[in-house]
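Trainee: Got a structure for you, written out below as structure tokens; questions coming shortly.
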Amino acid sequence: MKHRISIFILVIAGSLFIYASAHASGSAAAGQGISAKSAYTQGKAITFNKLVCSSCPLKKGDLDRDRAMSLKNSLEARNMSQNATTQDDKAIQVLCPGSSATGCESGVDEQELVKYYLMRRYNL
């Protein structure tokens, strides 16, 4: 009898877990946010169009995990209103809303998108 009750409780608990996880899945965001996939894709495009290219502050061979960590730290420091002191602090200024950025009419925070891309791509 105890064995049947234990199995019954496990079945109910499992059903509740499956029900809860089904409702918690998905990529719906509140407000005007963008999906994680979209943020990654946009961040990657911005990275290789404005930050890492032949006419950009960084060249393609410059971007590795260590450099991505340095860029991420610079992008986080900009949120703390710290002055640009490293090479990467200056490099991120080409990204909106940086002081050297162009094409910022859309109001997109390119620095935040690039930070998201770097964190996901390099598992930071």
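The values are calculated or read from the model by the stated rules, or taken from the named source; none is laboratory data. Note that the structure is predicted; figures quoted are calculated from it, not measured. Backbone-built Cβ (ideal geometry, glycine too); neighbour counts: all protein chains shown.
Trainee: For the stretch 53-85, how many residues meet the condition of being assigned to a loop (DSSP other than H, G, I, E, B) and hydrophobic (A, V, I, L, M, F, W, C)?
Mentor: Number of matching residues: 5.
Trainee: Among residues belonging to the stretch 57-99 that are exposed (fewer than 13 other Cβ atoms within 10 Å of the Cβ) and of a type in the set (Ser, Thr, Tyr), point out the one that is modelled with the highest pLDDT.
Mentor: SER99
Trainee: So, in the stretch 86-124, how many residues would count as being assigned to a helix (DSSP H, G or I) and free of Cβ contacts under 8 Å to residues at least 60 places away in the same chain?
Mentor: The qualifying residues number 11.
Trainee: Can I ask one more? Applying the selection to the stretch 37-80, what residues are of a type in the set (Gly, Ala, Ser) and in contact (Cβ under 8 Å) with a residue 60 or more places away in the chain?
Mentor: ALA39, GLY43
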